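Report on one structure; see the data block that follows.
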Amino acid sequence: MSDFATLSLDGSGLSRHPRVRAAKRAEDYLERFDATTLWLDAVWHDGAVVLICPRLNNLDRTVARARFTLDSTEVRPRFKRYYRHTLIRLPASAQPERVAVEIGDWRGETPVNGPDSTLDGRNVLMTLSRDNHPDWIEDWARFHIAHHGADAVLFVDNGSETWGVDQIRPALERAGFAQIIILSTSLRYGPRGLPPFINAELFLQTGVLNALQFRFLQGARAVLNCDVDELVMTPGRTVFDAAVQSRAGFVHFPGRWVHPAPEAEGWSWHARHSHRDEPVKTCPPKWCVVPGGPLRGYQWRAHELERLPFARRFQLDNAWFYHCRNITNGWKSLKRTQVRGDTVPDPGLQEALAAAGLPQRSA
């Protein structure tokens, strides 16, 4: 099931090959690698149909020679290549119904999605998630409503097998959002390589972020990119106001790992994460952006805007996010399900959790 206009290469005889050499791949690299998706979504945006593709790798020249049509009318594509994805722009003065591609004797087509104004003017919390417990989702949502005034959520479920949309929506409704949009895709998230290629071919998240940018978020007041195990802190202001009030309409901030108490046993939730490393251990930044602001047109990635120069000047003072180590189903590392014994209390986090009214839970 997918709520995106996704085109697979199945039946074409073509497939994407990894650009990461075999010596730098984890053991299950090929099983996790997306070899068959030509484009994740097709969106009419700013006078063109934009095809958001995983990086084409070996398919680049073949696709560049392909024939593209919009409602059976041939159009000339323009390619823009990025680190993990490629954009193909097909000029269109009005939104067409279908987009098709012909490569040799093979033909594939999908619908074209148009812009959706549901989230215009909203403070939007956005994430990609797989099999996160509904209680975790609810507490994450409550925290950002309480501390930042988030009034809308754009939630993409990546093929959950245990906790799907039927459990996610009630959790978000209980949290109290004014607007909720939940989308689903079952595409592979991507493999993790060995240094320095750990995240080189994690195509899905980058593709989803930019498909959402084009389809749903052009008119949003501001958008916070934040995972279910992350809680953003901007004392004295909201992160959305900080982005809106910034000259660039964009702010980013580092993360701090936090943990359950050393004596904690059993199932973990946000309110149990009362301890931190000493000294503090940081993790890559997250961000909040005004989509229609001065940096519109930049491509979104999990931790940055791609090719944004002088990125350090956009770091927000006195701002960070707590990265809750044990809010995890272990898909990245089973080490994150273990309770650490060498941490110290972090009273600031406990105060923030209490202020948001997050409950103490049991599994």
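Read-outs throughout are calculated quantities, based only on the coordinates presented, and are distinct from any laboratory measurement. Keep in mind the model is a prediction, meaning the values are calculated, not measured. Because the Cβ atoms are built from the backbone with ideal geometry, glycine has one as well, and the counts that use them run over all protein chains shown.
Each peptide in 244-251, 185-192, 70-77 receives the mean, over its residues, of other Cβ atoms within 10 Å, and ordering these scores from highest gives 185-192, 244-251, 70-77.
Between D139, D342, D34, the residue with the greatest mean-square fluctuation in the GNM of the chain (Cα pairs under 10 Å linked by springs) is D342. Each part reduced to its alpha carbon centroid, the stretch 226-267 and the stretch 86-143 end up 25 Å apart.
Taking a straight line from the alpha carbon of K80, these aspartates and glutamates sit under 13 Å away, with near neighbours fewer than eight places off in the same chain left out: D60, E306. Remark: spin-label model distance R81-V344 equals 4.9 nm, labels positioned 7 Å along the Cα→Cβ axis. Remark: the stretch 71-169 carries a charge dipole of roughly 660 debye about the Cα centre, counting +1 on each Lys and Arg Cβ and -1 on each Asp and Glu Cβ. Highest mean first, the peptides 80-86, 152-158 sorted by other C-beta atoms within 10 Å per residue fall in the order 152-158, 80-86.
The phi-based Karplus calculation (6.51 cos²θ - 1.76 cosθ + 1.60; θ = phi - 60°) puts the 3J(HN,Hα) values of the stretch 78-94 at 10, 10, 10, 9, 10, 4, 10, 8, 10, 9, 10, 9, 10, x, 7, 6, 9 Hz, whole numbers, x for Gly and Pro. If a/c stays under 1.5 just call it rounded; otherwise compare a/b with b/c (prolate if a/b is bigger, oblate if not). Do that for the stretch 65-106, with a ≥ b ≥ c from the square roots of the Cα gyration tensor eigenvalues. Note, shape of the stretch 65-106 comes out oblate. Loop-located chymotrypsin sites (Phe, Trp or Tyr not before Pro) across the stretch 284-316 with a Cβ neighbour count of 13 or fewer within 10 Å are F310, with loop assigned by DSSP. Scanning residues 5 or more positions from G159 or on other chains, those with amide H under 5 Å from its amide H are T185, with H placed 1.01 Å from N in the peptide plane. Counting only residues at least eight positions apart within a chain, or on another chain, the aspartates and glutamates with an alpha carbon under 14 Å from that of K24 are E201.
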